[in-house]
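Participant: Take this structure first; my questions come after.
The values are calculated or read from the model by the stated rules, or taken from the named source; none is laboratory data. What you see is a predicted model, and the numbers here were worked out from it, not measured in a lab. Glycine also receives a Cβ, built like all others from the backbone with ideal geometry; neighbour counts cover every protein chain displayed.
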Amino acid sequence: MNSTINVMRRELTGYFATPVAYVFLVIFLVMTGIFAFYLGNFYERGYADLDPFFRFHPWLYLFLVPAISMRLWAEERRSGTIELLFTLPITTIQAVLGKFFAAWLFIGMALVLTLPMWITVNYLGAPDNGVILAAYLGSWLMAGGFLAIGSCMSATTSNQVVAFILSIVVCFMFLLSGLPMVMNLFNGWAPQIILDGIASLSFLKHFADISKGVIDLRDLVYFGLVIGFWLLANVLILDMKKAD
Amino acid sequence: MIEVKSLCKSYGIFKAVDDLSFTVEAGQVLGFLGPNGAGKSTTMKMLTGFLTPTSGAALINGIDVAENSVAARKNIGYLPEGAPSYGEMTVQQFMLFIARARLINKSDVADSVDRVIEKLNLLEVKHQAIETLSKGFKRRVGLAQAIIHDPQILILDEPTDGLDPNQKREVRGLIRDMAKDKIIIISTHILEEVAALCNRVMIIANGKMLADDTPQGLIDRSRYHNAVSLVVEAPEKVASALSELPQVAGAELREGELTLFPTGDAGLFEAVTAAITENQWQVSALRLEAGRLDEVFHTITRGEAPA
């Protein structure tokens, strides 16, 4: 536990010692703003809610989360610090969790910085704050899912660009698995149970469910499982090939 | 204590380390010597638990590194090749991270960081990002993180690589100070370093152990051990005259210097000096050779038996 916190703390210090943190935070805030106000018609709709704000989060995460996660392990491999890290009395699981939580907390911070949106909408009208809270939770959970995928992809390579692209591709498949453009590939020949299985993998669907304000245990379990699965894969990849 | 039993590491058909066995006791400073790519670093990576052996085992104080890696690592301080560290952190932040990772008591963390920073003369760069430091400082940071928890076993992969002569001297002094009751393993391809630091030497090439001896023992294997070298006028004439002596096995003339090799009987030096006085040769330099480590290293790693 202490080792996990130690790794997490080191990682977070690293973000703020480089421009990475500041660039990410600024871009995240600007982009969420642009999406909500221009594409989401935040004002014109005339509703006091944050739906136009949250609706674009999955698409924003698709690019921004891999940008955070790509360095998690690729950088350790490139600079050789992975050898330092794994000759300290720290287990692979502790290291993976420490890094994951650091990045997840960091995205949490970015979300907290969007609170002025919430305040604004309360100033303009009387939104259902429970729904907004649920949507924030859902958004953060979804970011965790993207992050776990990105962390695992980062462990496969010492090249951050490769890690970035791999992460986007895998995240994209998870995002879209419920949409017609993926489902049509399987419709007509795959049995219904597989169709349901693929459809239920979609980040979009589960995020949409939570952001309606319904915190269903199944959605929570889903994101928990996604995060757990990819982090486990991450640990296995590291254990199998630490060197090179 | 370190026990290594038939340690092997293969990458496909390439054997990086091939059936290595040895034991190291407290108080020994063991030098791993070998050409680049000999398997020195790979062996160290297996001792520290970073790599898993293909077969065989390494035991650190009786704990199998591959089976109980984390427990074994607690006893070890390790400087990986090239002294990697997190460049964006300051020296102090990095040391705090390592101290906590080394499970030093909360109340002692700050003290041990201060102590190691002082010991390695890092005070002036304490608040600088590591990536902005010179090579010498970076190496010292690497050494500092290896010794912060006062480990019983210290494994240093090329600790003085890339340092200037003064820094090398400094690092050697540090290692010598710590050597008393610890086990220290250093790898190097600098021969003088082995003679200066180690009380045991292993020569490794192509993953195999070729020699395991004291530095003096290795030097004694040299062809030049107890040979006599002299600079003299008309060396050819002197060479043929001296070759007649029963103590001389052979003579070699190189760059104006005449070297006479002993037969194994003692007294070559005395016989040569006697001959010089008797014949009144004009000698401008005369010395007894201790032996040449580079020559021994060359002979051993080229697969020839040392003379």
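Participant: Can you pull out the residues in segment B:269-299 that are of a type in the set (D, E, K, R) and outside any strand (DSSP E or B)? Don't jump to the end; show me each part of the working.
Facilitator: Within segment B:269-299, the subset of a type in the set (D, E, K, R) is B:270, B:278, B:287, B:289, B:292, B:294-295.
Selection gives B:270, B:278, B:289, B:292, B:294, B:295.
Participant: While we're looking at this one, here's another question. Inside segment A:61-101, can you point out the residues that are buried (at least 23 other Cβ atoms within 10 Å of the Cβ), closer than 20 Å to residue A:21 by Cβ, within 13 Å of chain B (Cβ to nearest Cβ) and at pLDDT 95 or above?
Facilitator: Listed by number, the list holds a single entry, A:99.
Participant: Out of B:214, B:188, which single residue is within 12 Å of the chain's Cα centre (by Cα) and surrounded by fewer than 18 Cβ atoms within 10 Å (Cβ to Cβ)? Outline the logic, then answer.
Facilitator: On the way: B:188 fails: surrounded by fewer than 18 Cβ atoms within 10 Å (Cβ to Cβ).
When all the criteria are applied, what remains is B:214.
Participant: Next question. In segment B:54-157, which helices (runs of 4 or more DSSP H) lie fully inside it and hold 2 or more residues that are within 24 Å of residue A:16 (Cβ to Cβ) and assigned by TED's automatic domain parsing to the domain that holds residue B:17?
Facilitator: Working: elements: B:69-73, B:91-101, B:106-119, B:135-147.
Once the helices (runs of 4 or more DSSP H) in segment B:54-157 are filtered for at least 2 residues that are within 24 Å of residue A:16 (Cβ to Cβ) and assigned by TED's automatic domain parsing to the domain that holds residue B:17, what remains is B:91-101, B:106-119, B:135-147.
Participant: Tally the residues that are within 21 Å of residue B:153 (Cα to Cα), surrounded by fewer than 23 Cβ atoms within 10 Å (Cβ to Cβ) and more than 7 Å from chain A (Cβ to nearest Cβ), restricting the search to segment B:70-95.
Facilitator: Step one: filter segment B:70-95 for residues within 21 Å of residue B:153 (Cα to Cα), giving B:70-85, B:95.
From the residues that got through so far, the ones that are surrounded by fewer than 23 Cβ atoms within 10 Å (Cβ to Cβ) too are B:70-71, B:74-75, B:81-82, B:84.
Pick out the ones that are also more than 7 Å from chain A (Cβ to nearest Cβ) and you get B:71, B:75, B:81.
Summing the residues that are within 21 Å of residue B:153 (Cα to Cα), surrounded by fewer than 23 Cβ atoms within 10 Å (Cβ to Cβ) and more than 7 Å from chain A (Cβ to nearest Cβ) in segment B:70-95 gives 3.
Participant: Go through (1) over 16 Å from the mean Cα position of the chain (by Cα); (2) within 21 Å of residue A:65 (Cβ to Cβ) one by one and return the number of the condition residue A:146 breaks.
Facilitator: (1)
Participant: Restricting to segment B:43-53, count the residues that are part of a loop (DSSP other than H, G, I, E, B) and either at the interface with another protein chain (Cβ under 8 Å from one of its Cβ atoms) or at positive phi (or both). Steps first, please.
Facilitator: Residues of segment B:43-53 that are part of a loop (DSSP other than H, G, I, E, B), as a first pass: B:48-53.
Keeping just the survivors that are either at the interface with another protein chain (Cβ under 8 Å from one of its Cβ atoms) or at positive phi (or both) gives B:48-51.
Adding up the residues that qualify gives 4.
Participant: I need the full set of residues from segment B:43-69 which are in contact (Cβ under 8 Å) with a residue 60 or more places away in the chain and either under 17 Å from the mean Cα position of the chain (by Cα) or crowded, with 23+ Cβ neighbours inside 10 Å (or both), in order please.
Facilitator: Residues of segment B:43-69 in contact (Cβ under 8 Å) with a residue 60 or more places away in the chain: B:43-44, B:47-48, B:60-62.
Listed by number, the residues that qualify are B:43, B:44, B:47, B:48, B:60.
Participant: Test of understanding: among A:54, A:24, A:35, A:42, which residue is buried (at least 18 other Cβ atoms within 10 Å of the Cβ), more than 26 Å from residue A:234 (Cα to Cα), within 16 Å of the chain's Cα centre (by Cα) and more than 14 Å from chain B (Cβ to nearest Cβ)?
Facilitator: Details: A:24 fails: more than 26 Å from residue A:234 (Cα to Cα); A:35 fails: within 16 Å of the chain's Cα centre (by Cα); A:42 fails: within 16 Å of the chain's Cα centre (by Cα).
After applying the criteria, what remains is A:54.
Participant: Scan segment A:85-108 and tell me whether some residue there is within 15 Å of the chain's Cα centre (by Cα) and more than 27 Å from residue B:131 (Cα to Cα). Steps first, please.
Facilitator: First, pick out the residues of segment A:85-108 that are within 15 Å of the chain's Cα centre (by Cα): A:97, A:99-108.
From what is left, the residues that are more than 27 Å from residue B:131 (Cα to Cα) are A:108.
Yes, some residue in segment A:85-108 is within 15 Å of the chain's Cα centre (by Cα) and more than 27 Å from residue B:131 (Cα to Cα).
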